[in-house]
Amino acid sequence: MGIGKYERRKRGYSLEKQKAKMGVLMLLPSLIIISFIILYPLISSFVFAFMKKPLGSMSNDKFIGLKNFAYIFIQPLFWKSLLNSTILTFATVVLQTIFGMIIALLLNTSFKARGVIRGLFILPWATPAFVAAFAWSWMVDSQNGMINILLKQFHLVKEGIPWLMQTNTALFIVILAHIWKDIPWVIMIFLSGLQMVPVESREAAKVDGANIWKEFWYITIPSMKSIIVIAILLRVIWTFKYFDLVKLLTGGGPLNSTMTIPIMIYQQAFESNSLGRASALGVILFVILGVFSFFYFKVLSKDGEA
Amino acid sequence: MEKTFKKMLSLILAALMLMALFSGCSSKSGSESSQVKGSDAWKTKDITLQFWDNDTRADWQTATQKVFDGFTVLHPNIKIQRMMVPWNDINTKFQVAVAAKSQPDFMYGSDKYIVPWATQKSLAPLDDILDAIGRKNFPQSMLTNSSTGGKSYLVPIAFFPHVVFYRKDLYAKYSLKVPTTWDQLYQNAKTIQDNEKGIYGFDILAAKGEPYTLVNFMSVDNAALLDKNLKVTANSPNTVESLTYIQKMSTLIPPGTYGKTQADVRLIAIQGTVAHHIDSVSFSGTISSEKKLDLWGTFPVPQNSGTRGAITGYYGFAVSATNSDNLQATKELIKHMNQPDVYLGFAQASILGHIPANKTATDNNAYWANSRVAPFENMFKSAEKAGQNGIVMGMDYGANKYSSAIVSSYIYNDMLDMVILNKQTPQDAAKSAATKMKSIMDDVDNQ
């Protein structure tokens, strides 16, 4: 006698269960590592934010409630850092989006050596942050920097400008360096998005007499809407918490003119030796970025449904 | 077959991940602590002492290695492992190491960190060694500034007063006298700059964390961020006077040099671009290696007010071993280093311009007769004298609980940026410094 339908279903289900168990077992090491590297520090940060916790001290830690937050909110430096972070993020993301789109559109056309040119555009993204910061600080050097030499050559300035040493120009250079460093990612995302624009719609638009701008505005942009929104949201999240370039270029100076929230977190932890306050700042940053992450996931799920 | 292969591959990958997970875990090697106080177990037990070093200079490395090798010959059971830690990162790294309970046994202890680290109970008191070596052999100010709670936490090795290096040849050319006042110093600088093409009167050390020129001039003008009673005096008339002078000096510095690191400014100076270079006496090492001793002389930073001298930095060995055998072995190493003959050899071979802190060397004619030291004898003796009333940045009247925060807040750099970069008035810069100082104190008090 053969195996009944019920038996066959039961055996199939057991096999599925077995496979699932095996899968979980394979994933376990990764999950453990992720827990240690991400979850444990995250939960610790939240706990430390409510404690008096000096770095490196052998003394006992103390629960102090919201005192760390209260202290931070009354510091003028916190509001200055928040403002600088906002300006840096807004300017960087807007300019990366605009120029990223322009470059992506250009790279999407057919021309000789397109592959090589596309590859060259990836270079800034592949450059380590230290190297990028070193290169930029030399490019803007007041005596020997390429930018000042060119400005003097074209008689636009008489003497070299100490870009990174002036409070009114340092943030501008930091923004430029950020744009240069991460625009390749934006270009790549938009390039892949451009492949999704229906060819028929573009051809139909051309037949109807639409010019380049109208085609871009009424066909390309709507087709790429979700990709653009996702790219912007991700860039906002990543730029807001960017630490490397600012630390390496200016360290938050001169006179706190480039102080950002991540730099302030570092200073609180390792210069003021206050893990508690650094963690409180980390929680504030987490909340700010959490808002953008919420919108990101919302857009992502809408996109998935579509 | 394919399924089996995939399963095997998955198992191998999972095992590799597990190994990676545990590979980061390690326990600090070291024997168990001896429970008996004053135990001699360190003499026979296999011990590895971890030493955190900041100084990459060949002279220092060679001189200290010779001391370590001599010690390990006497105690073959002890190994000394040197780990290089970048100068700017030492505080951060040490704090993190203490939090992770993986601090070294001993380290290059810089003057500015000793008291903060000791206050955090991260260092071992060294009174017993200092008593064994003889406290009178060390400058009292160094012992005081590295003590807290009645205990000492550093055995000084060397100190480096800041002096004015000046171009002897240009002074002779224009018949200039060694200045004893600020006005005379400025006039000499201006005379040389006005008459020598391509040579500027001064340079300024003002890189982030290296605002030494301002600190020097404030100190010799009896200006300070805090007074003896820890009251804010950052906006005193003397501070304004110092900032005014610095602002005047900045009109005589080579363009584009403001904010450059000490190493870069030294390079600019040794290339002959400036007439006066105010720096640690260790600049003599650069003079020696460039064979320019005939061009440079030194004099103390002219005193304008008060009795406090210019910066006199110092360093030594600080001990952070928690294991009692390692602690005892480290203390014996330091005692070994301070034996007169061992210390003399070390001082003669170590960094030129670092004045030995232990008087058994400087009171010994053999030190001054050494072929490396002899050409600089006058320079070093003048610096040694100048350093007697010297201060450490952030510790104008001795170490206090705000010292470390003062250094890490870059408050001096802010003042310099305001008067030199932004061309603001010295009064505004001093006022801003006072506000920032209050904020720093508030920050430290509320931690």
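Annotations
- Of all residue pairs spaced 6 or more apart or on separate chains, those with beta-carbon atoms under 9 Å, a first member in the range B:266-282 that is at positive phi and a second member that is hydrophobic (A, V, I, L, M, F, W, C) and in a loop (DSSP other than H, G, I, E, B) are B:GLY272/B:ILE199; B:GLY272/B:LEU295.
- Test: residue in the range A:271-282 that is modelled with pLDDT of 85 or more, farther than 23 Å from B:ALA99 by Cβ and in a helix (DSSP H, G or I): no
- The sole residue among A:LEU191, A:LEU164, A:LEU248 that is farther than 30 Å from A:LEU83 by Cα, among the aliphatic types (A, V, I, L, M) and in the same structural domain as A:TYR296 (by TED's automatic domain parsing) is A:LEU191.
- The range B:77-100, subset of a type in the set (A, V, I, L, M) and under 18 Å from B:PRO116 (Cβ atoms), residue farthest from the chain's Cα centre (by Cα): B:ALA99
- Checklist (1) more than 24 Å from B:PHE71 (Cα to Cα); (2) in contact with a helix residue (DSSP H, G or I) (Cβ under 6 Å, 6 or more places away or on another chain); (3) buried (at least 19 other Cβ atoms within 10 Å of the Cβ) applied to B:PHE380, failing item: (2)
- Take the conditions (1) in a loop (DSSP other than H, G, I, E, B); (2) surrounded by fewer than 17 Cβ atoms within 10 Å (Cβ to Cβ); A:ILE161 misses just one of them, which is (2).
- Failed condition for A:LEU82, given (1) within 14 Å of another protein chain (Cβ to nearest Cβ); (2) part of a helix (DSSP H, G or I); (3) of a type outside the set (Asp, Glu): (1)
- Whenever a residue of the range B:72-90 is at pLDDT below 95, its partners that are of a type in the set (Ser, Thr, Tyr) and in a strand (DSSP E or B), lying with C-beta atoms within less than 8 angstrom and at least six residues away or across chains, give the pairs B:ILE90/B:TYR108; B:ILE90/B:SER110.
- Qualifying residue in the range B:393-402 (condition: without any contact (Cβ under 8 Å) to a residue 40 or more places away in the chain, more than 14 Å from chain A (Cβ to nearest Cβ) and not in a helix (DSSP H, G or I)): no
- Within the range B:83-97, restricting attention to residues that are exposed (fewer than 15 other Cβ atoms within 10 Å of the Cβ) and more than 16 Å from B:SER404 (Cβ to Cβ), the residue that is nearest to the other protein chains (Cβ to nearest Cβ) is B:PRO86.
- Considered as a group, the residues in the range B:437-447 that are modelled with pLDDT of 90 or more and within 24 Å of B:ASP89 (Cα to Cα) include one that is nearest to the other protein chains (Cβ to nearest Cβ), and that residue is B:MET441.
- Options B:ASP128, B:ASP69, B:ASP111; residue that is at pLDDT below 90 and closer than 19 Å to B:ASN338 by Cβ: B:ASP111
Listed here are the residues, each with its yes/no results for (1) of a type in the set (Lys, Arg); (2) farther than 30 Å from B:THR119 by Cα; (3) crowded, with 18+ Cβ neighbours inside 10 Å.
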| site | (1), (2), (3) |
| --- | --- |
| B:LYS231 | yes, no, no |
| B:THR239 | no, no, yes |
| B:LEU252 | no, yes, yes |
| B:ALA269 | no, yes, yes |
| B:ASN304 | no, yes, yes |
| B:ILE311 | no, no, yes |
| B:VAL319 | no, no, yes |
| B:LEU333 | no, no, yes |
| B:TYR343 | no, no, yes |
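- Candidates A:GLY65, A:GLY100: the one that is modelled with pLDDT under 95 and either of a type outside the set (A, V, I, L, M, F, W, C) or touching a Phe, Trp or Tyr at 6+ places or on another chain (Cβ under 8 Å) (or both) is A:GLY65.
- When the residues of the range B:251-281 are filtered to those that are more than 30 Å from B:ILE355 (Cα to Cα) and at pLDDT 95 or above, the one that is farthest from the other protein chains (Cβ to nearest Cβ) is B:LEU252.
- Identity of the residue in the range B:98-128, within 21 Å of B:PHE68 (Cβ to Cβ), within 14 Å of chain A (Cβ to nearest Cβ) and hydrophobic (A, V, I, L, M, F, W, C), that ends up surrounded by the fewest Cβ atoms within 10 Å (Cβ to Cβ): B:ALA124
- All positions within the range B:403-425 that are buried (at least 20 other Cβ atoms within 10 Å of the Cβ) and either over 27 Å from the mean Cα position of the chain (by Cα) or away from chain A (no Cβ under 12 Å) (or both): B:SER403, B:TYR412
- Residue match in the range A:146-158 (condition: within 14 Å of another protein chain (Cβ to nearest Cβ), crowded, with 17+ Cβ neighbours inside 10 Å and modelled with pLDDT of 90 or more): yes
- When the range A:177-204 is filtered for residues that are part of a helix (DSSP H, G or I) and more than 26 Å from the chain's Cα centre (by Cα), the ones remaining, listed by number, are A:VAL199, A:GLU200, A:SER201, A:ARG202, A:GLU203, A:ALA204.
The values are calculated or read from the model by the stated rules, or taken from the named source; none is laboratory data. These numbers were taken from a predicted model, which means no experiment stands behind them. Cβ: placed from backbone, ideal geometry, glycine included. Neighbour counts: every protein chain shown.
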